[in-house]
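The next block holds one structure in the form of structure tokens; read it before the comments.
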Amino acid sequence: MTNKILFIANWKMFGDLNSVKSIQSVINLSKKKNYKNAKIIYCPPYTLLNNFVIKTRKTNLDVGAQNCHYEINNGPFTGSISSTMIKKLGAKYVIIGHSENRSNGETNNLINKKIHSAILNNLNVIFCIGENLFEKKNKKTNKILKKQIGMGLKKIKKIDKIIFAYEPVWSIGTGKVLKNKELIKQVIIIKNIIENKFKNQKAKIIYGGSVNNQNINNLKQINEINGFLIGGASQNSKKFIDIIKKTIN
Ligand code: PGA
């Protein structure tokens with residue numbers, strides 16, 4: 001993994017064959033000398049993974065999936081994709097534990113099994129953690145984060161394969177973002193949890209939740225984070241480029 005600033009585009013359930021072309025302008029930007037420090041990773045829906053892998057060949061961009069099954073071998077799991085399939089396709093990353101999947105019944109235990117499978121396949125894991133509004137209001141944030149990290153990464157040794165994506169659930173798609181001061185405080189708490197558990201001080205932490213081309217000027221000032229997981233604003237190349245430009249310049 002790199003020490004660059006991460007811009008991870010989570011396209012969720014958006015995009016069709018036509019949208020593959022739209023990333024050309026992002027590829028062009030990534031080739032410019034000034035942007036060598038930006039690591040851009042696209043996570044499109046499964047239906048476009050292969051197209052994105054082909055489109056980003058011989059570029060600095062990488063591709064990731066948005067989830068995977070915990071079983072590494074083929075099996076009777078209708079509708080699922082294994083980390084082995086993702087790896088064989090040429091993608092290098094996988095998002096695991098996104099709150100939109102947690103809210104559909106993905107437990108910390110299941111997430112842990114998925115992470116084991118991804119790491120067995122040598123994929124980098126974008127591991128999503130974050131509290132919901134109820135938990136925040138009840139001052140349970142730190143307890144929840146500790147539990148998500150502890151259970152999600154149980155018996156995981158290759159901690160350098162994990163990118164921690166802190167995404168407060170109430171911030172996703174809502175336009176609401178923590179004030180920098182509070183976000184820094186929260187990220188430091190996450191760093192401490194990781195350090196205590198894994199004796200690792202170099203863990204990469206990114207922020208996600210309503211990142212856009214307006215609030216990026218503010219968010220980029222946070223030295224404690226290594227980049228961003230961007231949903232809505234990443235599906236529009238103009239806005240995505242704007243975010244990258246404002247961060248780097
Ligand atoms: P958002 O999504 O940027 O649209 O809030 C972020 C995410 O869910 O990863």
For segment 1-133, Kirkwood radius (reciprocal of mean inverse C-alpha pair distance, Å): 15.5 Å
Neighbour-limited loop hits for chymotrypsin sites (Phe, Trp or Tyr not before Pro), segment 59-168 (at most 14 other Cβ within 10 Å; DSSP other than H, G, I, E, B): Phe77
Sparse-neighbourhood loop sites, chymotrypsin sites (Phe, Trp or Tyr not before Pro) in segment 13-60 - DSSP loop, at most 16 other Cβ within 10 angstrom: Phe14
Long-range HN-HN contacts of Ile95 with modeled amide H, under 5 Å: Ala65, Gln66, Asn67, Ile126
Over 19 Å between alpha carbons, listed pairs Lys21/Lys220; Lys136/Lys239; Lys185/Lys220; Lys39/Lys146: Lys21/Lys220; Lys136/Lys239; Lys39/Lys146
Sum of side-chain charges, Ile216 neighbourhood, beta-carbon under 13 Å (Lys, Arg +1; Asp, Glu -1): +3
For the chain, built as a Gaussian network whose Cα springs stay under 10 Å, the top-fluctuating residue of Pro76, Pro44, Pro168: Pro76
Net charge over other residues, Cβ less than 13 angstrom from the Cβ of Arg102 (K, R count +1; D, E count -1): -3
Nitroxide proxy distance, nm - points 7 Å out along Cα→Cβ at Asn236 and Thr78: 3.9 nm
Inter-probe distance in nm under a simple model that places probes 7 Å from Cα toward Cβ, at Lys179 and Ile248: 3.3 nm
Accessible area (Å², per residue) of the chain, counting only protein heavy atoms and a probe of 1.4 Å: 50 Å²
Taking all pairs of distinct alpha-carbon atoms in the chain, Kirkwood radius in angstrom: 18.1 Å
FRET efficiency, Asn104 to Asn50 (Cβ-Cβ, R0 22 Å, nearest 0.05): 0.30
Links that overshoot a 21 Å alpha carbon limit, given the list Lys12/Lys202; Lys4/Lys204; Lys87/Lys113; Lys176/Lys197; Lys158/Lys204; Lys12/Lys191: Lys12/Lys202; Lys176/Lys197; Lys12/Lys191
Local electrostatic count, Leu89, Cβ distance below 14 Å [Lys/Arg +1, Asp/Glu -1]: +4
Rounded FRET efficiency, nearest 0.05, which uses the C-beta distance separating Lys33 from Glu71 and R0 of 45 Å: 0.55
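The values are calculated or read from the model by the stated rules, or taken from the named source; none is laboratory data. Everything numeric here is computed off the predicted structure, so don't read it as measured data. Positions of Cβ are backbone-derived with ideal geometry, glycine not excepted, and every protein chain shown enters the neighbour counts. Surface areas here come from the heavy atoms of the whole protein model, side chains and all, with no ligands, DNA or RNA. Shrake-Rupley method; radii C 1.70, N 1.55, O 1.52, S 1.80 Å.
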